[in-house]
Amino acid sequence: MKRLFILCIAICPAIIINAQTGVIKGTVTDTDGEPVAFANVWYTLNNAKEGAVTDIDGNYALNKVPTGSHTIHFSSIGFNEEEKGGIRVKENE
């Protein structure tokens with residue numbers, strides 16, 4: 001299986017919606033730099049998954065992400081699941 005190569009555009013710093021939440025945006029690409037359409041992207045909050053699906057160009061946005069540090073997970077059919085930890089969403093940034 002191919003490994004996902006995660007290109008995180010605008011993932012840090014996060015864009016803040018209000019004082020307590022932000023948005024994590026990025027692009028999921030394969031090892032050849034091609035976008036991965038319809039990949040699952042998520043983080044876990046209070047034992048529940050919060051996530052999104054990439055668009056045709058591999059772009060995603062996780063909205064209303066609480067401030068703090070998060071690990072983002074990526075998966076798609078035909079690829080190994082990947083994760084990127086230490087994604088920080090900061091207040092008033």
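We did not get these values from a lab; they are worked out from the coordinates using the rules stated. On a predicted model such as this, the values are computed, not experimentally measured, just so you know.
Quick look at the numbers
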read-out: Length released on extending from residue 69 to residue 84, taking residue separation times 0.36 nm less the Cα-Cα span; value: 4.3 nm
read-out: Residue 30 long-range amide H proximity, modeled H, under 5 Å; value: 5, 36
read-out: J(HN,Hα) series, the stretch 49-55, from Karplus relation 6.51 cos²θ - 1.76 cosθ + 1.60, nearest Hz, glycine and proline x; value: 7, 10, x, 8, 10, 5, 7
